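Engineer: One structure follows; several queries about it will come next.
The values are calculated or read from the model by the stated rules, or taken from the named source; none is laboratory data. Note that the structure is a prediction, hence the values are computed from the model and not measured. Cβ placement follows ideal geometry from the backbone for every residue including glycine, while neighbour counts extend to all protein chains displayed.
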Amino acid sequence: MRTNFVLVDFENVQPKDFGLLKDGPFKVKLFLGPNQSKIPVALASAVQSLGSSAEYVILETAGNNALDFHIAYYIEVLSAEDPSAFFHIISKDAGFDALIKHLKGKQLFVQRSTCIADIPYFKPSLPAAPDEQIAIVVTDLRRRKASKPRNQQILRSTLHALFRKELTEQKLEGLFQSLCARGIVKLEGTKVSYNLPDEPSPSP
């Protein structure tokens with residue numbers, strides 16, 4: 001399976017969904033500025049849970065776009081070692097987009113996302129069969145663990161993003177209602193809770 005490098009611009013965005021990367025084909029590099037000496041305990045614990053697949057890259061000196069240049073350097077080095085790898089830059093900084101366009105012209109696989117949940121690995125193509133759509137939703141919700149959406153609006157937005165915004169409003173509403181009808185999603189006013197079906201046991 002293709003290696004997915006996740007390069008996090010921690011000066012620009014502080015993801016809360018590192019748990020999605022556990023047990024997947026990911027290698028994470030968390031880039032921090034020299035003045036970012038304190039990391040929230042919950043985030044440090046989430047990164048630590050990824051074991052040897054994650055590491056911190058701490059800049060020695062500060063400067064305009066210094067972190068951006070470090071990320072560009074690591075993509076160059078890592079792509080030379082593994083040309084088939086997919087690089088995910090996690091940042092809200094659109095300044096990366098010119099670099100990404102250039103790298104794509106060099107036949108590299110590079111994408112910028114504003115959060116980990118939005119990287120293409122977690123965005124399956126839209127299946128036509130409703131049962132397949134529901135199975136994809138259930139798998140995604142399992143991955144999110146404690147970070148599942150807790151109100152209707154956020155859940156609907158999550159479903160829309162999960163299928164790359166290819167669902168029409170009518171189909172999105174149909175999917176939402178199917179989840180409710182099957183008891184997977186439970187409504188309490190604007191709040192939602194979940195009753196996910198048991199994960200199938202692996203075949204012997």
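Engineer: Of the residues that make up the stretch 110-120, is at least one farther than 21 Å from Gln14 by Cβ and modelled with pLDDT of 90 or more?
Structural biologist: yes
Engineer: Restricting attention to the stretch 37-62, which residues are buried (at least 17 other Cβ atoms within 10 Å of the Cβ) and farther than 25 Å from Ser84 by Cα?
Structural biologist: Passing the criteria: Ala46, Leu59.
Engineer: Oh, and also: If I ask for residues that are of a type outside the set (A, V, I, L, M), over 11 Å from Cys115 (Cβ atoms) and surrounded by 15 or more Cβ atoms within 10 Å (Cβ to Cβ), which ones from the stretch 8-23 would you list?
Structural biologist: Hits for the stretch 8-23 are Asp9, Phe10, Glu11, Asn12, Gly19, Lys22.
To keep it simple, each residue is scored yes or no on (1) loosely packed, with under 12 Cβ neighbours inside 10 Å; (2) of a type in the set (Phe, Trp, Tyr); (3) not assigned by TED's automatic domain parsing to the domain that holds Leu78.
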position: Ala94; (1), (2), (3): yes, no, no
position: Leu99; (1), (2), (3): no, no, no
position: Leu103; (1), (2), (3): no, no, no
position: Cys115; (1), (2), (3): no, no, no
position: Ala135; (1), (2), (3): no, no, yes
position: Arg142; (1), (2), (3): no, no, yes
position: Lys148; (1), (2), (3): no, no, yes
position: Ala181; (1), (2), (3): yes, no, yes
position: Thr190; (1), (2), (3): yes, no, yes
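Engineer: Keeping to the stretch 44-71, report how many residues are more than 21 Å from Thr3 (Cα to Cα) and in contact with a strand residue (DSSP E or B) (Cβ under 9 Å, 6 or more places away or on another chain).
Structural biologist: Residues meeting the conditions: 4.
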